[in-house]
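Inspection log for the structure reproduced underneath, given as structure tokens.
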Amino acid sequence: MLKRMLLSLALILVPTIALACPDWRQEPTASYLRYSGSELWQPKAHSVVAGGDQYLNNCGIYHQSSGERAIGYVAFRPDFELQYTGGNYQLEFRAVGNCDTVLLINTGGGNWYFDDDDGGGGDAKIRLTRPSTGVYDIWIGTYDPSTCNARLELESF
């Protein structure tokens, strides 16, 4: 009887936990972007309010280099959706703000990338050395539950 009650409770809680994470299938809140690698030789910047109510620590996303669990707060919907046409370029994403930013990216291939402080000074940075052509969903978040003014910077190398 106790096992059955615990299983029922688990089935009720599982969908709730899943809803508490960012969803790449949603429309972006800020804007759609379209760039090629050659266009991003000149850096592009887009303003956004960083942060949200989705606590990443509960979402099973990890920092790609340290292997540590992602931590910080982002919105449910991505801030930006980038349609990227590649080439022989590296692609860098930066979250720059007047607070401690975090950066979360989901690629068209379903890969998650997260960073907190690799941009220095509390800013986040992710550089993809061989980015593929396709769609990138991008969240600009904050380390703590507050929000702040920030910008997404994109540049190719």
Open item on the list: Out of THR101, THR129, THR133, I need the residue that is hydroxyl-bearing (Ser, Thr, Tyr), surrounded by 21 or more Cβ atoms within 10 Å (Cβ to Cβ) and either in contact with a helix residue (DSSP H, G or I) (Cβ under 9 Å, 6 or more places away or on another chain) or touching a residue at least 24 places away in the same chain (Cβ under 8 Å) (or both). Which one?
Closed with: THR101
- [ ] Would you mention how many residues in the stretch 19-37 are closer than 15 Å to PRO78 by Cα, in a strand (DSSP E or B) and among the hydroxyl-bearing types (Ser, Thr, Tyr)?
- [x] 2
Open item on the list: Just to verify a result, which residue in the stretch 49-95, among those that are over 19 Å from CYS21 (Cβ atoms) and among the β-branched types (Val, Ile, Thr), is surrounded by the fewest Cβ atoms within 10 Å (Cβ to Cβ)?
Closed with: THR85
Open item on the list: For the stretch 100-107, check the following and say yes or no: at least one residue is of a type outside the set (D, E, K, R) and modelled with pLDDT under 95.
Closed with: yes
Task: Condition met for LEU40 (more than 16 Å from LEU104 (Cβ to Cβ) and either in a loop (DSSP other than H, G, I, E, B) or at pLDDT 90 or above (or both)) - done: yes
- [ ] Identify all residues within the stretch 115-126 that are among the small types (Gly, Ala, Ser), buried (at least 18 other Cβ atoms within 10 Å of the Cβ) and outside any strand (DSSP E or B); write none if there are none.
- [x] GLY119
TODO: Inspect the stretch 37-60 for any residue being under 22 Å from THR129 (Cα atoms) and among the β-branched types (Val, Ile, Thr) and give the result as yes or no.
DONE: no
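The values are calculated or read from the model by the stated rules, or taken from the named source; none is laboratory data. Treat the numbers as computed from the prediction; the structure is a model and nothing was measured. Neighbour counts run over all protein chains shown; Cβ positions are idealised from the backbone, glycine included.
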